[in-house]
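Participant: What follows is a structure written as structure tokens; I'll ask about it next.
The values are calculated or read from the model by the stated rules, or taken from the named source; none is laboratory data. Just so it is clear, the structure is predicted and the values come from calculations on it, not from any experiment. Quick reminder, even Gly has a Cβ in these numbers, built from the backbone with ideal geometry, and neighbours come from all protein chains shown.
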Amino acid sequence: MNRKQREVWDAVVLRDRGICQDCGSPGMEVHHIVGRGYHKKRPELIWRKENMMCACKQCHDGARNQRARFRHLNILMDRYGYVYREEPWTEILRRGLEWKEYLSSI
């Protein structure tokens with residue numbers, strides 16, 4: 001991790017006060033909502049604060065699916081007022097809304 005990346009990492013921990021944004025437990029791991037593998041396509045997205053959140057180990061280990069990504073983006077939108085207007089975030093939000101609509105119809 002270079003100095004600039006470390007500054008963003010530290011800013012995320014400070015913003016979230018070291019609290020897991022998913023369950024509210026102490027959480028000093030920093031989770032990339034859209035994983036680093038995706039970012040090989042668009043590396044400038046890796047270190048944006050709106051793509052990162054503090055997580056406890058348990059939540060971080062379970063945060064590797066589309067539903068978790070959708071939930072985490074919504075948490076950050078509600079808490080910090082982030083607006084996601086570009087891929088890959090818009091795709092995650094669109095799919096998440098489709099999934100919620102489907103579940104409410106059955």
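Participant: Pick out the one residue from Leu73, Leu97 that is of a type in the set (A, V, I, L, M), within 12 Å of Ile33 (Cβ to Cβ) and out of contact with any strand residue (DSSP E or B) (no Cβ under 7 Å at 6 or more places or on another chain).
Facilitator: Just a single option satisfies the conditions, and that option is Leu73.
Participant: OK, next. State all residues of region 37-55 that are under 13 Å from the mean Cα position of the chain (by Cα) and either among the small types (Gly, Ala, Ser) or outside any helix (DSSP H, G or I) (or both); if no residue qualifies, say none.
Facilitator: Ile46, Trp47, Arg48, Met52, Met53, Cys54, Ala55
Participant: Does region 12-32 include one or more residues that are touching a residue at least 12 places away in the same chain (Cβ under 8 Å), assigned to a helix (DSSP H, G or I) and loosely packed, with under 15 Cβ neighbours inside 10 Å?
Facilitator: No - not one qualifying residue is present in region 12-32.
Participant: Also: Among (1) farther than 27 Å from Lys100 by Cβ; (2) at pLDDT 95 or above, there is one condition Ala55 misses while meeting the rest; what is its number?
Facilitator: (1)
Participant: So, in region 72-91, how many residues would count as being more than 12 Å from the chain's Cα centre (by Cα) and over 20 Å from Ala11 (Cα atoms)?
Facilitator: Adding up the residues that qualify gives 5.
Participant: For region 72-106: of the residues being surrounded by 11 or more Cβ atoms within 10 Å (Cβ to Cβ) and assigned to a loop (DSSP other than H, G, I, E, B), which is modelled with the highest pLDDT?
Facilitator: Among residues in region 72-106 that are surrounded by 11 or more Cβ atoms within 10 Å (Cβ to Cβ) and assigned to a loop (DSSP other than H, G, I, E, B), the one modelled with the highest pLDDT is Tyr82.
Participant: Out of the residues in region 50-71 that are surrounded by fewer than 20 Cβ atoms within 10 Å (Cβ to Cβ) and of a type in the set (D, E, K, R), which is farthest from Leu14 (Cα to Cα)?
Facilitator: Looking at residues that are surrounded by fewer than 20 Cβ atoms within 10 Å (Cβ to Cβ) and of a type in the set (D, E, K, R), I get Arg67.
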